[in-house]
Amino acid sequence: MNRSLAREIAMKRLYADSVGGADTITDALEQSEVFEQLDEAGKQFSEELYSGAAQHLERIDPVISDHATGWSFDRIAKVDLSILRLATFELLYREDIPNGASINEAVELGKKFGGEKSAKFINGVLGAIAKASASV
């Protein structure tokens with residue numbers, strides 16, 4: 001199973017939701033021109049991440065907003081927000097995924113799809129969320 005690709009697909013589906021679309025795993029793979037296929041375990045993992053993040057946005061978004069120091073929630077780029085939503089879901093709800101892995105994967109998505117400063121921004125926000133959730 002390729003978890004990085006599964007995360008990428010989940011993030012792209014969250015992004016599509018944020019701009020008024022609704023992509024399936026197949027749609028996201030086709031639009032991404034990804035030639036590597038997800039096996040069934042990868043599809044299941046991607047679906048769990050996407051649906052989990054989408055179902056918990058009412059808790060995830062305020063956490064992101066609280067830890068995006070100096071940023072208005074509305075000013076966060078949609079791509080960065082989609083990455084943050086996915087990784088925050090992992091940090092808060094997926095004890096089977098180490099925080100470091102979630103943050104690293106999110107930073108890599110930021111480098112690949114975000115702006116020039118996205119990776120640093122994503123790393124800072126997620127680091128603060130991980131630290132705060134560890135102290136709870």
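The values are calculated or read from the model by the stated rules, or taken from the named source; none is laboratory data. This structure is a prediction, so every number in the text was calculated from the model and none was measured. Positions of Cβ are backbone-derived with ideal geometry, glycine not excepted, and every protein chain shown enters the neighbour counts. Ligands, DNA and RNA are stripped out before the accessible areas are found, and what is left, the full protein with its side chains, is counted by its heavy atoms. Shrake-Rupley method; radii C 1.70, N 1.55, O 1.52, S 1.80 Å.
Taking every residue in segment 28-45 that is crowded, with 17+ Cβ neighbours inside 10 Å and pairing it with any residue that is at pLDDT below 60 and not small (Gly, Ala, Ser), at least 6 positions away or on another chain, the pairs with Cβ-Cβ distances below 6 Å are LYS43/ILE25. For segment 83-94, state whether one or more residues are modelled with pLDDT of 95 or more, at negative phi and of a type in the set (Gly, Ala, Ser). So far as segment 83-94 goes, yes, one or more of its residues are modelled with pLDDT of 95 or more, at negative phi and of a type in the set (Gly, Ala, Ser).
Each row is one residue, and each column tells you yes or no for (1) open to solvent by less than 60 Å² (accessible area, probe 1.4 Å); (2) over 12 Å from the mean Cα position of the chain (by Cα).
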position: TYR50; (1), (2): yes, no
position: ALA54; (1), (2): yes, no
position: ASP74; (1), (2): no, yes
position: LYS78; (1), (2): no, no
position: SER82; (1), (2): yes, no
position: ARG85; (1), (2): yes, no
position: THR88; (1), (2): yes, no
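Can you tell me which residues in segment 95-104 are touching a residue at least 12 places away in the same chain (Cβ under 8 Å) and open to solvent by less than 40 Å² (accessible area, probe 1.4 Å)? Talk me through it step by step, then tell me what you get.
Going residue by residue through segment 95-104, those that are touching a residue at least 12 places away in the same chain (Cβ under 8 Å) are 99, 102-103.
Hits for segment 95-104 are SER102, ILE103.
Residue count for segment 10-56 under the criterion of being under 18 Å from ALA101 (Cα atoms) and either part of a loop (DSSP other than H, G, I, E, B) or at pLDDT below 90 (or both): the result is 1. The number of residues in segment 109-132 that are more than 19 Å from ARG75 (Cβ to Cβ) and either touching an Asp or Glu at 6+ places or on another chain (Cβ under 9 Å) or open to solvent by less than 40 Å² (accessible area, probe 1.4 Å) (or both) comes to 5.
Cβ-Cβ contacts under 8 Å between residues 6 or more apart (or on different chains), taken from a first residue in segment 1-12 that is among the hydroxyl-bearing types (Ser, Thr, Tyr) to a second residue that is surrounded by 24 or more Cβ atoms within 10 Å (Cβ to Cβ), are absent.
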